[in-house]
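**Student:** The structure follows.
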Amino acid sequence: MTIPQETPFKIQNVPLGAHRPIRVVCIGAGYSGLMMSIIAEKKMKNHNVDFRVYEKNHDLGGTWLVNRYPGCQCDIPAHNYAYSFAPNPSWRNYYATSAEIQAYMKDVAKAYVCEKFVAYSHTVTSAVWQEQEGKWRLTVESEGHEFIDICDVLINAGGILSNWEWPNIPGIEKFLGKLLHSADWDTSYDWTGKNVALIGIGSSGIQILPKVAEAKHVDFFVRSPTWITPAPGILEPKVGQGPEVDEEYNYAPEELTRFKDDPEYLLEHRRELAEKRIDEFKAHMDDTESKARVNKLFRESMIGRLGESEKGREIAKWLLPEFPVGCRRLTPGPGFLEALVRDNVDSWWNDIDRITEKGIQKKDGTVIELDAIFCATGFNTTFKPQFRLIGRNGVDLAKKWTDDEPMAYFSTTIPDFPNYFAFIGPNSPISNGSLVQAIQMTGVYIYKCINKLQTQSIKSMEVRFDAVQDYDDYVQTWLSKTVWVSPCRSWYKRGTTDGRVVAVYGGSCYHFIEALREPRWEDYKLEYFRGAGKNRFSWLGNGLTVREAEGKKSVGDTQTLNFEDYWDLMVLPEIYY
C-alpha cells in the first residue's frame, strides 16, 4: 500500500524575527490613539507596518477637544495626567483646563511626528471580520463620501467619554431657544442677562454652574444627590508640601521656572503625585472606619459651604447622599455649592415633566420660560462600539453587550473578535491611579501582540472565552470588597444602583501594568498560516536572526561584565513586585 506523502516542508528564506507586512488601523486620536501613534513612529517604523488613524473630529484631542464648556478642567493633577515620558513643565495650574490638555497633546504629537498618521474628519461606520482572509473590512465616511479599507489589525481607541447624548426628555426637539450640550458647546454664546436652565449634576454640570450663575437667572434641574469634594480636585496640594501654589492652585512663577530648568525637580514632583494617586485609590477599599471618617469630613464641608440660610438647609436635604463617598466618581466643585445658594439660582429636584417651545414644564404643569437650556447630561457609557462591529461567526458586539454584561480581557481583547484591540474597555483602570499610565501599558501590550502576529507566522489571535470568564470572576470578586459596589446609581454599574461593576479594574493601575507586561499567550487561540511549505514554526526561517543576516552585531552583545547585566538582557526587571 502506498502511503500518501504530505507536502514537504520548505524552509522560508527569511531570518528569524523578520516582520511580515501588515496594515494596522486605529480609530480615534485622543490620548489612546496618540499613544499608539507614538509607538508606530518610535517602535514600528522599520517593522513593515502600514499604520493609519481615523479620527471623526477635525483635530486630535478626543474628549479634551470637544469639551469646551465654561469651567471645563481636569480634576486630576496636570502633572499626573501627562505621558510619563513626555513631561510638561509649563502646566500653569495644579489642574489643567481642557484647552491646555489638548494643546499639550498637539505638542506631543509634533514632538513625536504623529499627525502624519491621522486622517481627520474620517468616521469608521462599520468593521466586519473576514474569516478566510483573516482581515477586517472597514467602511469609512469622509465629507459625504464612503470608501472601503482593509486591515489586518483593528484598534479601537475611541474612548468611553466620546459619544455624547441628549437627555431623554419629551419635547426637547421643540425648544426654540438656545440648546447646548456640554460636549458640543458654542463658545460664542453669551448668557449675560438671560434666563437659562442647566440640567445635570455630573462633573460637567458641577463645573458649568458657577460660570453661568452670572446669568440673569438660572434654574438648575437635578435628579440625584452627589458628594462634592472639599478641594477643587481629586488630590489637593498641601501647604508646605511640594511646589508652592497660590489660593487658586496656580504654580508660583519661580516654580514654573524651576520646572523648566531642573528636570529632576519636576520628576520628583511627578513621582510624589503618582504615589498620592495610589494612596487615594487605596481609600476605595471597604474600610468601615476610614469610610465613616471620610463621609463625616465631606458632609461637614458641604453643609458648611451651603451655609445656615433656609435655602442652604433645604438644598442639603436632597444634595447630600446616603451612599458612601467614592461609590460614584468623586466630584470636585470650586464655587458650585456657593452658586447653589445665590439669589438668582433656583434648584429643582427631579421635577422635569417635558420641554416645550418656550422652556421647561415642571411636574406641576408650571412652565419656566427660558432663553437657553444647557444639558450637562453626559455620554453613552455602555461600552458598546460607536460603529457596527461584526466579529467571528457573525457576532455583533453591540448586541452582545446589550444582551449580556460587557466583559473583556484586561479591558483590551474580546472573544469572537480576532486581531481586535481596545483601549479603556470594560473594567479598565479609570479610578485606580493614573489612567494615562494604563493607556501607555495598553499600547505596549498591543504592540507586543502585533509583533507576535508579524514574526511568528500567525494569521489571527483571539482571546479564549474561558480565560475571559475566569478573569472576570477574579475582577468581580475583588471589586465586591470595594466602595464601588455600594448602593448608588453610577455609570460604573451601567446606570443601575446595585448592578455589576463593569467600568472599574480590579486593582491599582500599576497592578494592571505589571499584569500585562508579560502577555499570557496561553489565554489566546492562535491561528497559524497554512499552505504549501508552512507550519507553526515557519517563523524560524533560514537559521539566522535578522541582526546576523544584516551583518549587525548580535551575539557579541551577550558578552557582559557580570551576571546581573546578562540577566537584564534576558528577563524583564522586577519593577512593581
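**Student:** Of all residues in region 359-392 being of a type in the set (S, T, N, Q) and touching a strand residue (DSSP E or B) at 6+ places or on another chain (Cβ under 8 Å), which is farthest from residue 28 (Cα to Cα)?
**Tutor:** Taking region 359-392 first, the residues of a type in the set (S, T, N, Q) are 361, 366, 377, 380-382, 386.
Among the residues that remain, those that are also touching a strand residue (DSSP E or B) at 6+ places or on another chain (Cβ under 8 Å) are: 361, 377, 380.
Values: 361: 39, 377: 22, 380: 16 Å.
Checking each candidate, the answer is 361.
**Student:** One residue is enough: does region 222-231 have a residue meeting the conditions touching a Leu at 6+ places or on another chain (Cβ under 9 Å) and modelled with pLDDT of 95 or more?
**Tutor:** Of all residues in region 222-231, those touching a Leu at 6+ places or on another chain (Cβ under 9 Å) come to 222, 225-230.
Still in the list and also modelled with pLDDT of 95 or more: none.
Checked region 222-231: no residue is touching a Leu at 6+ places or on another chain (Cβ under 9 Å) and modelled with pLDDT of 95 or more.
**Student:** Mind checking which pairs have a first residue in region 522-550 that is on the phi > 0 side of the Ramachandran plot and a second that is hydroxyl-bearing (Ser, Thr, Tyr), Cβ under 8 Å, 6 or more apart or different chains?
**Tutor:** Once the first residue is on the phi > 0 side of the Ramachandran plot and sits in region 522-550, its partners that are hydroxyl-bearing (Ser, Thr, Tyr) give 533/7.
**Student:** Follow-up question, since we're still on this one. Tell me, which residue of region 262-284 that is open to solvent by 90 Å² or more (accessible area, probe 1.4 Å) and over 21 Å from residue 83 (Cβ atoms) is modelled with the highest pLDDT?
**Tutor:** Result: 279.
**Student:** Any residue at all in region 243-252 that is in a loop (DSSP other than H, G, I, E, B), within 30 Å of residue 277 (Cβ to Cβ) and hydroxyl-bearing (Ser, Thr, Tyr)?
**Tutor:** yes
**Student:** Do you know which of the residues in region 391-407 that are open to solvent by 10 Å² or more (accessible area, probe 1.4 Å) and in contact (Cβ under 8 Å) with a residue 40 or more places away in the chain is nearest to the chain's Cα centre (by Cα)?
**Tutor:** 407
**Student:** Oh, and also: Sort out which residues of region 348-365 are surrounded by 11 or more Cβ atoms within 10 Å (Cβ to Cβ), assigned to a loop (DSSP other than H, G, I, E, B) and free of Cβ contacts under 8 Å to residues at least 60 places away in the same chain, and write them in order of number.
**Tutor:** 363
**Student:** Also, I was wondering about something else. Checking the conditions here, which among 274, 316, 339 is small (Gly, Ala, Ser), within 25 Å of the chain's Cα centre (by Cα) and in a helix (DSSP H, G or I)? Break it down stepwise before answering.
**Tutor:** Values: 316 fails: within 25 Å of the chain's Cα centre (by Cα); 339 fails: within 25 Å of the chain's Cα centre (by Cα).
The match here is 274.
**Student:** Would it be correct to say that residue 80 is polar (S, T, N, Q) and under 24 Å from residue 549 (Cβ atoms)? Lay out the reasoning, then the answer.
**Tutor:** Values: polar (S, T, N, Q): yes; under 24 Å from residue 549 (Cβ atoms): no.
The answer is no for residue 80.
**Student:** Right, another one. Return the residues of region 212-221 that are open to solvent by 30 Å² or more (accessible area, probe 1.4 Å) and at pLDDT 95 or above; say none if nothing qualifies. So that I can check it myself, show each step before the final result.
**Tutor:** Just the residues of region 212-221 that are open to solvent by 30 Å² or more (accessible area, probe 1.4 Å), to begin with: 214, 216-217.
Scanning region 212-221 gives 216, 217.
**Student:** Looking at 218, 222, 212, can you tell me which residue is closer than 27 Å to residue 382 by Cβ and either in contact with a strand residue (DSSP E or B) (Cβ under 9 Å, 6 or more places away or on another chain) or in contact (Cβ under 8 Å) with a residue 12 or more places away in the chain (or both)? Quick ask: steps written out before the conclusion?
**Tutor:** Working: 218 fails: closer than 27 Å to residue 382 by Cβ; 212 fails: closer than 27 Å to residue 382 by Cβ.
Only one candidate qualifies: 222.
**Student:** Given the conditions (1) modelled with pLDDT of 95 or more; (2) buried (at least 21 other Cβ atoms within 10 Å of the Cβ), and given that residue 205 satisfies all but one, which numbered condition is not satisfied?
**Tutor:** Here residue 205 meets the rest and fails (1).
**Student:** Looking at region 463-492, which of its residues are under 13 Å from residue 410 (Cα atoms), touching a strand residue (DSSP E or B) at 6+ places or on another chain (Cβ under 7 Å), in a helix (DSSP H, G or I) and open to solvent by less than 10 Å² (accessible area, probe 1.4 Å)?
**Tutor:** 468
**Student:** Can you pull out the residues in region 525-550 that are farther than 30 Å from residue 418 by Cα and open to solvent by 70 Å² or more (accessible area, probe 1.4 Å)?
**Tutor:** Those that are farther than 30 Å from residue 418 by Cα and open to solvent by 70 Å² or more (accessible area, probe 1.4 Å): 544, 547, 548, 550.
**Student:** On to the next question. So, in region 126-158, of the ones that are in a loop (DSSP other than H, G, I, E, B) and within 18 Å of residue 413 (Cβ to Cβ), which residue ends up most open to solvent (accessible area, probe 1.4 Å)?
**Tutor:** Step one: filter region 126-158 for residues in a loop (DSSP other than H, G, I, E, B), giving 131-134, 143-144, 152, 157-158.
Pick out the ones that are also within 18 Å of residue 413 (Cβ to Cβ) and you get 131, 134, 152, 157-158.
Values: 131: 80, 134: 3, 152: 15, 157: 8, 158: 28 Å².
Among those that are in a loop (DSSP other than H, G, I, E, B) and within 18 Å of residue 413 (Cβ to Cβ), it is 131.
**Student:** State whether one or more residues within region 375-390 are without any contact (Cβ under 8 Å) to a residue 60 or more places away in the chain, open to solvent by 50 Å² or more (accessible area, probe 1.4 Å) and not small (Gly, Ala, Ser).
**Tutor:** Residues of region 375-390 without any contact (Cβ under 8 Å) to a residue 60 or more places away in the chain: 384.
From what is left, the residues that are open to solvent by 50 Å² or more (accessible area, probe 1.4 Å) are 384.
Right, trim to not small (Gly, Ala, Ser) and you get 384.
Checking region 375-390: at least one residue is without any contact (Cβ under 8 Å) to a residue 60 or more places away in the chain, open to solvent by 50 Å² or more (accessible area, probe 1.4 Å) and not small (Gly, Ala, Ser).
**Student:** Quick one: would you say residue 538 is over 21 Å from the mean Cα position of the chain (by Cα) and not hydrophobic (A, V, I, L, M, F, W, C)? Give the derivation first.
**Tutor:** Numbers: over 21 Å from the mean Cα position of the chain (by Cα): yes; not hydrophobic (A, V, I, L, M, F, W, C): yes.
Taking the combined requirement at face value, the residue satisfies it.
**Student:** Here's something else I'd like to know. With the checklist (1) open to solvent by 10 Å² or more (accessible area, probe 1.4 Å); (2) at negative phi in hand, flag the one item residue 495 doesn't pass.
**Tutor:** For residue 495, the failing item is (2).
**Student:** Restricting attention to region 86-125, which residues are open to solvent by less than 50 Å² (accessible area, probe 1.4 Å), small (Gly, Ala, Ser) and under 18 Å from residue 440 (Cα atoms)?
**Tutor:** 86, 109
**Student:** Moving on. Just checking, does region 175-195 include any residue being touching a Ser or Thr at 6+ places or on another chain (Cβ under 9 Å), of a type outside the set (A, V, I, L, M, F, W, C), surrounded by 20 or more Cβ atoms within 10 Å (Cβ to Cβ) and in contact (Cβ under 8 Å) with a residue 40 or more places away in the chain?
**Tutor:** Yes, region 175-195 contains at least one residue that is touching a Ser or Thr at 6+ places or on another chain (Cβ under 9 Å), of a type outside the set (A, V, I, L, M, F, W, C), surrounded by 20 or more Cβ atoms within 10 Å (Cβ to Cβ) and in contact (Cβ under 8 Å) with a residue 40 or more places away in the chain.
**Student:** So the check is Cβ under 8 Å with 6+ separation or different chains; which pairs have a first residue in region 88-108 that's modelled with pLDDT of 95 or more and a second one that's part of a helix (DSSP H, G or I) and among the basic types (Lys, Arg)?
**Tutor:** Cβ pairs passing all conditions: 89/260; 90/260.
**Student:** Taking the residues in region 155-210 that are over 30 Å from residue 34 (Cβ atoms) and among the β-branched types (Val, Ile, Thr) as candidates, determine which candidate is farthest from the chain's Cα centre (by Cα).
**Tutor:** Among residues in region 155-210 that are over 30 Å from residue 34 (Cβ atoms) and among the β-branched types (Val, Ile, Thr), the one farthest from the chain's Cα centre (by Cα) is 192.
**Student:** How many of the residues in region 159-190 are outside any loop (DSSP other than H, G, I, E, B) and either within 21 Å of residue 211 (Cα to Cα) or in contact with a helix residue (DSSP H, G or I) (Cβ under 8 Å, 6 or more places away or on another chain) (or both)?
**Tutor:** Here is the first cut: in region 159-190, the ones outside any loop (DSSP other than H, G, I, E, B) are 164, 172-174, 178-181, 184.
Those left that are additionally either within 21 Å of residue 211 (Cα to Cα) or in contact with a helix residue (DSSP H, G or I) (Cβ under 8 Å, 6 or more places away or on another chain) (or both): 164, 178-181, 184.
Here the count works out to 6.
**Student:** Another question, if that's okay. Looking at this structure, is residue 518 acidic (Asp, Glu), open to solvent by less than 90 Å² (accessible area, probe 1.4 Å) and at pLDDT 90 or above? Before you say what the answer is, go through the steps one by one.
**Tutor:** Details: acidic (Asp, Glu): yes; open to solvent by less than 90 Å² (accessible area, probe 1.4 Å): no; at pLDDT 90 or above: yes.
No: the conditions fail for residue 518.
**Student:** Another question about this same structure. Within region 425-441, identify whether any single residue is in contact with a Pro (Cβ under 9 Å, 6 or more places away or on another chain), surrounded by 21 or more Cβ atoms within 10 Å (Cβ to Cβ), of a type outside the set (Gly, Ala, Ser) and more than 22 Å from residue 35 (Cα to Cα), and answer yes or no.
**Tutor:** No - not one qualifying residue is present in region 425-441.
**Student:** Tell me which strands (runs of 3 or more DSSP E) are completely within region 368-437 and hold 2 or more residues being modelled with pLDDT of 95 or more and farther than 20 Å from residue 523 by Cα, or say none if there are none.
**Tutor:** Numbers: elements: 372-375, 388-390, 420-422.
In region 368-437, 372-375, 388-390 are the strands (runs of 3 or more DSSP E) which contain 2 or more residues that are modelled with pLDDT of 95 or more and farther than 20 Å from residue 523 by Cα.
**Student:** For the list (1) under 16 Å from the mean Cα position of the chain (by Cα); (2) under 18 Å from residue 160 (Cα atoms); (3) open to solvent by less than 10 Å² (accessible area, probe 1.4 Å), I need the number of the one condition that residue 512 fails.
**Tutor:** (2)
**Student:** Here is a follow-up. Give the number of residues within region 548-565 that are assigned to a helix (DSSP H, G or I), under 41 Å from the mean Cα position of the chain (by Cα) and modelled with pLDDT under 85. Before the answer, list the steps.
**Tutor:** Within region 548-565, the subset assigned to a helix (DSSP H, G or I) is 548-549, 555-558, 563-565.
Then drop every residue that is not under 41 Å from the mean Cα position of the chain (by Cα), which leaves 557-558, 563-565.
Next, only the ones that are modelled with pLDDT under 85 stay: 557-558.
So the answer is 2.
The values are calculated or read from the model by the stated rules, or taken from the named source; none is laboratory data. Keep in mind it's a predicted model, so treat the numbers as computed, not measured. Here Cβ is always computed from backbone atoms with ideal geometry, including for glycine, and neighbour counts include all displayed protein chains. Note: areas computed on protein heavy atoms with side chains; ligands, DNA, RNA excluded. Shrake-Rupley method; radii C 1.70, N 1.55, O 1.52, S 1.80 Å.
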